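The values are calculated or read from the model by the stated rules, or taken from the named source; none is laboratory data. In this text the structure is predicted, and so the values were computed from the model without any measurement. Using ideal geometry, Cβ is built from the backbone for each residue, glycine included, and neighbour counts are taken over all protein chains shown. These accessible areas exclude ligands, DNA and RNA; they are computed on the full protein's heavy atoms, side chains included. Shrake-Rupley method; radii C 1.70, N 1.55, O 1.52, S 1.80 Å.
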Amino acid sequence: MSNIVAIVGRPNVGKSTLYNRLIGERQAIIDDTSGVTRDRQYGTTFWNGKTFTVIDTGGFIRNSEDVFESAIREQVLIAIEEAQVMIFMVDVTTGLTDLDEEVADMLRRTEKPVLLAVNKVDNSQRMYEANEFWSLGFEETYFLSSLTGSGTGEILDSVTEKLPEEPEAEDNGLPKFAIVGQPNVGKSSLTNALLGQERNIVTEVAGTTRDSIHSTYTKFGKEFTLVDTAGIRKKAKVHENLEFYSVMRAIRAIEDADVCLLMVDATLGIEAQDMSIFRLAQRRNKGIVILVNKWDLVDKETNTARDLEKEIRAKFSPFDDLPVLFISVYEKQRIFKSIEVALEVYENRTRRIKTSDLNEVMQEAMERYPPPAYRGRHIKIKYVTQLPTYYPAFAFFCNHPKHVKEAYRNYLENQLRKHFNFTGVPIGVFFRKK
């Protein structure tokens, strides 16, 4: 299970700036206007030997009559329930506000670690003014500047000290399939249909399933662990906060899975949260199967499977070597086919290619289309080998590894997919000095 660190606080205190610094990318949009971060951001960072997921809880509800009272309270409550450590951020330039006091009051009630980060402390005068925030009563208070990075190392040291050691997952040797997707798309219904029993409560209300549920499937000569990852709580009424909660749950299940069955609603098409969960699985190099559920509700005259599949692949491009199945859990159409395909993707993810076979195929591909020269320097790739990783990854040894262009890397990946079956699996292509 993945450890989660949530950055909470009122608008415009610098949460997104800190988030970008922690994950090493400029992923979150930063602006001086309150509430700019409307989509939650999820990223992975590594510090002191520990990997954890960082969540920027920026998102605020458009046109809300009471943004502060509704959105902030909900997201802090969700963070308290799901995160292992919370970074509570305040802004020294505005001083202590009533909203800071309210958030602090909520955080004091949790037994989980809360680190107070006083942001924008970048000169001696602000260092003096920051002492005001000791009145909030948090034992661990850090003065930092997320813009310049000063002080962030100290708070990260404290974060990693407080994160629990991740226990070794019990490995029964069976493939692990996680059913992921938006609320009310049919995840629990699929679990029940596959297991042939009402293991999970199924209702029309999004948010029935409270926890991830693991079940062992042993039917028709197939055996694997199935995880239903709904995990939405009933009392979170706001859609954006439901999304926040469900992605937190999905993060944990994706980390532990070999293959993710991403369920999407055929009547809605691919939405932003579908893309968010897909990218989470892709970045973690998990196998992916796209299940388009509620296909029985679609008008087949205006929406053909071929057209919709083409649209889906375009949305997930450039990683479009994906199995796409049109199913109906309600009518039990192709639900067992989805398991057969998931098992095939699992085999693809664990496939090992003999070095001799690999070089025979790839040397021919590279002779047919050699790597482009860089400033008159000819790039020569000597040989390729598969790396001993838990997903398909390949090292190409060459004389100028830093100068191989991205387009050529994509060409090599396409050739690997063309000659060896890696459908549904992200591939790693690396260049190393010979």
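Is the range 308-374 rounded, prolate or oblate when judged by the Cα gyration tensor, a ≥ b ≥ c being the square roots of its eigenvalues, rounded requiring a/c under 1.5 and prolate requiring a/b larger than b/c?
Oblate is the answer for the range 308-374, as a/c is 1.5 or above yet b/c matches or exceeds a/b.
Place a label point 7 angstrom from the Cα of Glu331 along the Cα-to-Cβ direction, then list the residues of the range 283-305 whose backbone nitrogen is under 18 Å away.
It comes to 291-305, nothing else.
Explain nothing, just the number: dipole magnitude of the range 325-414 about its Cα centre with +1 on each Lys and Arg Cβ and -1 on each Asp and Glu Cβ, in debye rounded to the nearest 20.
It comes to approximately 420 debye.
Residue-wise, which Karplus ³J(HN,Hα) couplings in Hz belong to the range 357-373, taking 6.51 cos²θ - 1.76 cosθ + 1.60, θ = phi - 60°, and x for glycine or proline?
Once θ is set to phi - 60°, the couplings for the range 357-373 become 5, 4, 5, 4, 6, 6, 5, 5, 5, 6, 6, 5, 9, x, x, x, 5 Hz.
With r defined as the distance between the Cβ atoms of Glu129 and Arg284 and R0 fixed at 41 Å, what FRET efficiency is calculated, to the nearest 0.05?
0.50
Probe of 1.4 angstrom, ligands and nucleic acids ignored: what's the accessible area per residue over the range 289-359, in square angstrom?
Accessible area per residue: 55 Å².
Label points 7 Å out from Cα along the Cβ direction at Arg109 and Ala393: separation in nm?
4.4
Residue separation times 0.36 nm, minus the C-alpha to C-alpha distance between Lys300 and Lys382: what's the value?
So the chain would gain 24.4 nm between Lys300 and Lys382.
Would you work out which of Gln125, Thr110, Thr94 lies farthest towards the positive end of the dipole of the range 89-138? Charges go on Cβ: Lys and Arg +1, Asp and Glu -1.
Towards the positive end, the residue furthest out is Thr110.
What's the local net charge at Asn293, with K and R +1, D and E -1, over the other residues with C-beta under 12 Å away?
Result for the neighbourhood of Asn293: 0.
Can you compute 3J(HN,Hα) from phi for each residue in the range 262-274, using the Karplus curve 6.51 cos²θ - 1.76 cosθ + 1.60 with θ = phi - 60°, rounded to whole Hz and x for Gly and Pro?
With the stated coefficients, the range 262-274 comes to 8, 8, 10, 8, 4, 7, 10, x, 7, 10, 4, 6, 4 Hz.
Per-residue HN-Hα couplings for the range 374-382, Karplus 6.51 cos²θ - 1.76 cosθ + 1.60 at θ = phi - 60°, whole Hz, x for Gly and Pro?
So the J values, rounded to whole Hz, are 10, 6, x, 8, 7, 9, 10, 8, 6.
Counting only protein heavy atoms, what percent of the accessible surface of the range 261-406 is carbon or sulfur at a 1.4 Å probe?
50
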